[in-house]
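Enquirer: Quick one: the structure is below, questions incoming.
Here, each number is a calculation from the coordinates, and none is a lab measurement. Please read these numbers as outputs of a predicted model, since none were measured by experiment. Cβ atoms come from the backbone with ideal geometry, glycine included; neighbour counts cover every protein chain shown.
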Amino acid sequence: MSGQMNKPPTRRSFLDLILAVGSLLTTAAVSIPGLMYLWPAAKGGGPAKVEVEGADQMTPGQGKTIQVGSQAVVVVRHRSGFKAYSAVCTHLGCLVTWDSPTKSFLCPCHAAVFDENGKVVSGPPPAPLPEFVVKEIGDKVFVSAA
Ligand code: FES
């Protein structure tokens, strides 16, 4: 057995290595555009602190998706005020939507449900939706990451 460990690489093992690297590169070339589709918020950037346009016209229970920096964020108006959570599902990065009737965030990819506080109710996500900072100044509402 120790004699096999010192053998020089054969043409066959070199070709196997080339095939493995080629397969890896092909997988990456196919996967990366798909992941970019699932995570469109990562494509561009924007201001790190954003005013929620039309916030004064939102009714309690209503939500809207905005962009804060490079991240998609869902802003929801509750009776007690506004809250904002990342729209990026903590499972595989699909975008969640706010469902007013059930007061929950829904992920279309694997049917995950988050409650109105971003906590996982059901499905595979390993963590709650990260919360964003909301500041209400007069009738204006601002959202930032920290
Ligand atoms: S990506 Fe949201 S549940 Fe899988």
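Enquirer: Using r as the Cβ-Cβ distance of Ala111 and Glu53, and R0 as 30 Å, what FRET efficiency do you calculate, to the nearest 0.05?
Expert: Calculated transfer efficiency: 0.45.
Enquirer: Please order Ser144, Ser13 by the number of other Cβ within 10 Å, starting at the fewest.
Expert: Numbers: Ser144 16, Ser13 11.
Ranked by crowding around the Cβ, least crowded first: Ser13, Ser144.
Enquirer: Now for a separate question. Using the basic label-point model (7 angstrom from Cα toward the beta carbon), what is the Ala20 to His78 distance in nanometres?
Expert: Roughly 5.2 nm, to one decimal.
Enquirer: Given Lys49/Lys119; Lys83/Lys103; Lys64/Lys119, which pairs have Cα atoms separated by over 21 Å?
Expert: On the way: Lys49/Lys119 24 Å; Lys83/Lys103 12 Å; Lys64/Lys119 18 Å.
Beyond 21 Å: Lys49/Lys119.
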